[in-house]
Every structure is written in C-alpha cells, then in structure tokens.
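Right, one structure below, let's go through it.
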Amino acid sequence: MEIKKQAKKMRDALQQLIYKIINPLIHGMIKIGITPNIVTTIGFLGNLAGACILIYAATIKDSIPFDLIGWAGGIIILSSLFDMMDGQVARIGNMTSTFGAMYDSVLDRYSELVTLGGICFCLIAHGYMAGAVITFAALIGSLMVSYVRARAEGLGLECKIGFMQRPERVVLTSLGLLVCGITACTAKNLSFDPMLILIVPMGFIAIFANITAFARIEYSRRQLLNKNQK
C-alpha cells in the first residue's frame, strides 16, 4: 500500500512538472483558438502516423529497420504530450464538455489499438511470433482496463485503481520502441537481440494491464456487494 502511495505521489509530481513546462504553450494555443478536440485529434493522428511507420517497417524484408522503429517511438512520445494538453486546454480555457470527455476517451482507445496493432504487425512480419502474441495480450489488457472502468462508472461506481493505467502503458510502449531503435542503430556487437528491448515492455503491459483489469472487476464487485448490504 505504501509503495502504491509513493508511486502515485511521484506520478502526480511528474504530471505537475510537465504542466508547468507546457502551460505557456497551452495559453498560446487558447489565444489562437485551438480547442481541446483539435488537440485530441492531433494526438491521435500522431499515434496513427507512428503505427503507419511500424506497418511500413513490416514491409521491409531484407533486415529489421530499427531506425523506423525508433522514429515511431519518438512520434508516439510526442503525440502523448497532446494527450495531456487537451485536458489542460479544456480546463484553462473553460472549454470542458461531456462530448469532449467522450471524444478524448474514444480516441485514446483508437490510439492504443493502432499503436499496439502496428507493433504486432511489425513483429509478425519479421518472425517474432511470440512477441506478437505478447503484444496482442497487451492490447487486450489495455482495452479491458479502460472498459472495466467505463462499465463500473456506468453503474455509478468509481474504479480508478491499478498500476498499469494509460500513462504507464504509453511510456512503456513509446520508450520501448525508441530505445529499441536507438540501441540497435548505435550499439555494436550486441550480445542480445535488440528487439527484446521492445518485447519485454510489451510483456510488462500484458501481465500488469490484465491484472489491473481483473483487480478492477473485483473492486467493483466489492463495491456493489457493500451497496446491496446497506
């Protein structure tokens, strides 16, 4: 429990630091009339571009194009900043709306689908079937974490528990791609397959995202049980 509290404090502190850095840009975006939905759309298009690069990397058969894998990771990291910006634009610019919240949530799911789908496709094309299966399990876990929360909230419950939430998944995915690409392109005579730098984070997501989904199911069950007993 204490570890979870410390992790939450660190996450919140990092989030506030990022907000301090990007807030001047947020104010500038509001001044020129950029809305939260535009920011959300730009973030999704960035993730889609990263996925397209991974799909293109899958078509190159002679060797694994690690440079493209690294570029995909960099683009996805940049796109994740827009995922933080849309909420700030909405709050600072007094542009919050129910539709905006739904739109953001839907495009977040699309972003994860195309990104992890692109990784899956790239791994299959280059013969990493086990890695592709792991990534597919990560995709399932990622969707179910969000779905269980949405379903619980539809029943009037609050369900935000769990370690492997969207920020953690985005960081692991994008850094896995970026570090994999950079390491393979710059390091010489590696004693291991650099693709493992990508597959291992996918494994973490696959395990802990699904654990988080089931933990949320149990948490919701207990809440409903307590409600019925009152």
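The values are calculated or read from the model by the stated rules, or taken from the named source; none is laboratory data. Just so it is clear, the model here is predicted, and its values are computed rather than measured. Cβ placement follows ideal geometry from the backbone for every residue including glycine, while neighbour counts extend to all protein chains displayed. In case anyone asks, the SASA skips ligands and DNA or RNA and just uses the protein heavy atoms, side chains included. Shrake-Rupley method; radii C 1.70, N 1.55, O 1.52, S 1.80 Å.
Residues that are open to solvent by 20 Å² or more (accessible area, probe 1.4 Å) and of a type in the set (A, V, I, L, M, F, W, C) within the stretch 108-119 comprise L113, V114, listed in sequence order. Restricting the search to the stretch 66-102, which residues are part of a helix (DSSP H, G or I), hydroxyl-bearing (S, T, Y) and over 16 Å from the mean Cα position of the chain (by Cα)? Selection gives T98 alone.
Exactly one condition in (1) open to solvent by 70 Å² or more (accessible area, probe 1.4 Å); (2) under 30 Å from E218 (Cα atoms); (3) in contact (Cβ under 8 Å) with a residue 24 or more places away in the chain is false for I182; which is it? The one condition I182 does not meet is (2). Considered as a group, the residues in the stretch 144-170 that are free of Cβ contacts under 8 Å to residues at least 60 places away in the same chain and closer than 17 Å to G203 by Cβ include one that is surrounded by the fewest Cβ atoms within 10 Å (Cβ to Cβ), and that residue is E168. Among the residues of the stretch 54-65, are any in a helix (DSSP H, G or I), surrounded by fewer than 16 Cβ atoms within 10 Å (Cβ to Cβ), in contact with a Pro (Cβ under 9 Å, 6 or more places away or on another chain) and not acidic (D, E)? Within the stretch 54-65, one or more residues are in a helix (DSSP H, G or I), surrounded by fewer than 16 Cβ atoms within 10 Å (Cβ to Cβ), in contact with a Pro (Cβ under 9 Å, 6 or more places away or on another chain) and not acidic (D, E).
Residue count for the stretch 185-216 satisfying the condition of being farther than 30 Å from P65 by Cα and either open to solvent by 80 Å² or more (accessible area, probe 1.4 Å) or among the acidic types (D, E) (or both): 2. Each residue in the stretch 100-133 was checked for being among the hydroxyl-bearing types (S, T, Y) and under 24 Å from V200 (Cβ atoms), and 3 of them qualify.
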